[in-house]
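Before any comments, here is the structure.
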Amino acid sequence: MVSDTIFALSSGMPPAAIAVVRVSGPEAGVALKTLAGRLPEARRASLADLHDSAGTPLDRALLLWFPGPATATGEDLAEVHLHGGRAVVAAVETALGAIPGLRRAEAGEFTRRAFLNGRIDLAEAEGLADLLAAETESQRIQALGMASGHVSRAVAGWQDRLLTLMAGAEAELNFADEDDVEVGDAVMRRLREGMESLGRALDEWLARPAAEVISEGLSVVIAGPPNAGKSTLINALAQRELAIVSPVAGTTRDVIETPLALDGIAMRFSDTAGIRDEAGDGVEAIGIDRAKAAIEAADILLWLGRPSDAPEHPRVIRIAAQADRWRDEAGSERVPDADAVARWDLALSAMTGEGMDALHRLIVEQARRMLPREGEAALRQRQRSALVEARQWLDIMPQSPEAEDLILLAERLRLAGIALDRITGRAGVEDMLDALFGRFCIGK
């Protein structure tokens, strides 16, 4: 319950140099008085000896007291900065748990209270969850932008424009007989033009890459015929023996995936079964089908076969693999013809390392084209769905009867506003709050 006072360790798990225990809720001040015997001056660090309710010494700690509502959670908030030993933290948490009205916080409960008390909106909370989970530089930058309110500020601007349009429609519908109210075709024209202009602004955001591309990592699929060097390549990229390398065709039977980061960009590299017309057995046939499905779903395709056999894909890198072999075997069937050489993007040998740096650059170049530009924020799928709905309500066919009906246009504006409200959490989000804040750790 929001009326409860909660506490939790909000720093890393002990042992550590310092451990920070946070307390939030109406009894936060009581908790400090119980531990330290006094309430320190607001927003000033204060050193104090801590004791439990029986007077047993606990630690000498730094206290911080933040009266609500101007706090991170929007309610009274206290922080106790302890020595970071396990026994110290356990003793203080036990003492807090013995105070009436206090209980341990659940995962994400501090951030959930910040949302419920209006300190952050839902988009900012989602950005904070992504920031906590960020493992690469691109993930950190994207999550920090959302947590800092980039999406929220954009939504606020769209809502202001909607309110202006709605006010114009309301004036025409309810106050058309007033002398200072514009009426007639001019109002309708201005309303349609405003809806069209706002729709174009939403289109610009919908054209941006999805945030999941950054948070979950780009899918990079290595594909080609049997014995093309796919498993050797993924082992070289991962710098470990991830896939079995064998001269026997059909050794790789399934999709083998490994997460990697190139230049701070999260990616998921997949080795696939060799693609050929006739499989050796039923298991290999299943592997080939999965390889084809992985190719269709890939963000970037690394093709290790003849260029003319490469599948249609918007971001394919055609690789002349095993270059150490065909260059050393002049006159053999492995020597590519001039036409094939011209259509390959690079020659590579995962065994010797030749061309690996060039491949790295090509993959990163392709990846950066799929990511938001510097300073741009991307939308999560939930936010994108709400924005798509808002955009649909703003889309009016010029010659349709609806385009001339002020009541219907006003209703479309209202529904577009409701869709935008869902992005920041003002409507229709109760069903997903538990899932969102459950992503947070205890004490956040």
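The values are calculated or read from the model by the stated rules, or taken from the named source; none is laboratory data. These numbers were taken from a predicted model, which means no experiment stands behind them. Virtual Cβ from ideal backbone geometry, glycine too; neighbours counted across all protein chains shown. To get the accessible areas, we keep the full protein, side chains included, count just its heavy atoms, and leave off ligands, DNA and RNA. Shrake-Rupley method; radii C 1.70, N 1.55, O 1.52, S 1.80 Å.
Could you list all residues from the range 208-219 that are at pLDDT 90 or above and surrounded by fewer than 21 Cβ atoms within 10 Å (Cβ to Cβ)?
219
Pairs, please: C-beta under 7 Å, at least 6 apart or cross-chain, first residue over 15 Å from residue 424 (Cα atoms) and in the range 158-170, second polar (S, T, N, Q) and outside any helix (DSSP H, G or I)?
Between residues of the range 158-170 that are over 15 Å from residue 424 (Cα atoms) and residues that are polar (S, T, N, Q) and outside any helix (DSSP H, G or I), there is no close pair.
Looking at the range 394-444, which of its residues are open to solvent by less than 20 Å² (accessible area, probe 1.4 Å), part of a helix (DSSP H, G or I) and at pLDDT below 70?
Hits for the range 394-444 are 433, 436, 437.
Which of the residues spanning the range 302-317 are closer than 22 Å to residue 351 by Cβ and open to solvent by less than 70 Å² (accessible area, probe 1.4 Å)?
302, 303, 304, 305, 307, 317
For the range 1-11, which positions are under 30 Å from the mean Cα position of the chain (by Cα) and open to solvent by 10 Å² or more (accessible area, probe 1.4 Å)?
1, 2, 9, 10, 11
Using beta carbons and a limit of 7 Å, which pairs, at least six apart or on different chains, have the first residue in the range 348-364 and closer than 20 Å to residue 306 by Cα and the second one among the acidic types (Asp, Glu)?
348/354; 349/324; 351/324; 354/324; 362/345
Check 234, 222 and return the single one that is in a helix (DSSP H, G or I) and either surrounded by 14 or more Cβ atoms within 10 Å (Cβ to Cβ) or modelled with pLDDT under 85 (or both).
234
Answer yes if at least one residue in the range 23-33 is out of contact with any strand residue (DSSP E or B) (no Cβ under 9 Å at 6 or more places or on another chain) and part of a helix (DSSP H, G or I), and no otherwise.
Looking for residues that are out of contact with any strand residue (DSSP E or B) (no Cβ under 9 Å at 6 or more places or on another chain) and part of a helix (DSSP H, G or I), one finds at least one in the range 23-33, hence yes.
Can you work out which of the residues in the range 182-196 that are at pLDDT 85 or above and open to solvent by less than 40 Å² (accessible area, probe 1.4 Å) is nearest to residue 169 (Cα to Cα)?
Out of the qualifying residues, it is 191.
Which of the following residues is out of contact with any Phe, Trp or Tyr (no Cβ under 9 Å at 6 or more places or on another chain) and either under 21 Å from residue 444 (Cβ atoms) or assigned to a loop (DSSP other than H, G, I, E, B) (or both): 48, 61?
So the residue among 48, 61 that is out of contact with any Phe, Trp or Tyr (no Cβ under 9 Å at 6 or more places or on another chain) and either under 21 Å from residue 444 (Cβ atoms) or assigned to a loop (DSSP other than H, G, I, E, B) (or both) is 61.
Which of the helices (runs of 4 or more DSSP H) contained wholly in the range 81-134 include at least 1 residues that are without any contact (Cβ under 8 Å) to a residue 60 or more places away in the chain and open to solvent by less than 30 Å² (accessible area, probe 1.4 Å)?
Here the list reads 109-116, 122-133.
Condition test on residue 377, is it modelled with pLDDT of 80 or more, hydrophobic (A, V, I, L, M, F, W, C) and farther than 29 Å from residue 293 by Cα?
yes
Would you call residue 253 open to solvent by 50 Å² or more (accessible area, probe 1.4 Å), at pLDDT below 85 and within 30 Å of residue 407 (Cβ to Cβ)?
no
Looking at the range 12-56 only, could you name the residues that are open to solvent by less than 40 Å² (accessible area, probe 1.4 Å), under 28 Å from residue 117 (Cβ atoms) and not hydrophobic (A, V, I, L, M, F, W, C)?
Those that are open to solvent by less than 40 Å² (accessible area, probe 1.4 Å), under 28 Å from residue 117 (Cβ atoms) and not hydrophobic (A, V, I, L, M, F, W, C): 22, 24, 25, 29, 40, 46.
Residue check: is residue 391 more than 21 Å from the chain's Cα centre (by Cα), modelled with pLDDT of 90 or more, buried (at least 19 other Cβ atoms within 10 Å of the Cβ) and not aliphatic (A, V, I, L, M)?
For residue 391, the condition - more than 21 Å from the chain's Cα centre (by Cα), modelled with pLDDT of 90 or more, buried (at least 19 other Cβ atoms within 10 Å of the Cβ) and not aliphatic (A, V, I, L, M) - is met.
Residues in the range 329-361 that are surrounded by fewer than 17 Cβ atoms within 10 Å (Cβ to Cβ), modelled with pLDDT of 85 or more and in a helix (DSSP H, G or I): how many?
Here the count works out to 5.
Kindly list, by first and then second residue, each pair from a residue in the range 391-413 that is at positive phi to a residue that is surrounded by fewer than 18 Cβ atoms within 10 Å (Cβ to Cβ) and in a loop (DSSP other than H, G, I, E, B), limited to pairs with Cβ atoms under 9 Å and residues at least 6 apart or on different chains.
Close Cβ pairs (under 9 Å, with a partner that is surrounded by fewer than 18 Cβ atoms within 10 Å (Cβ to Cβ) and in a loop (DSSP other than H, G, I, E, B)) do not exist here.
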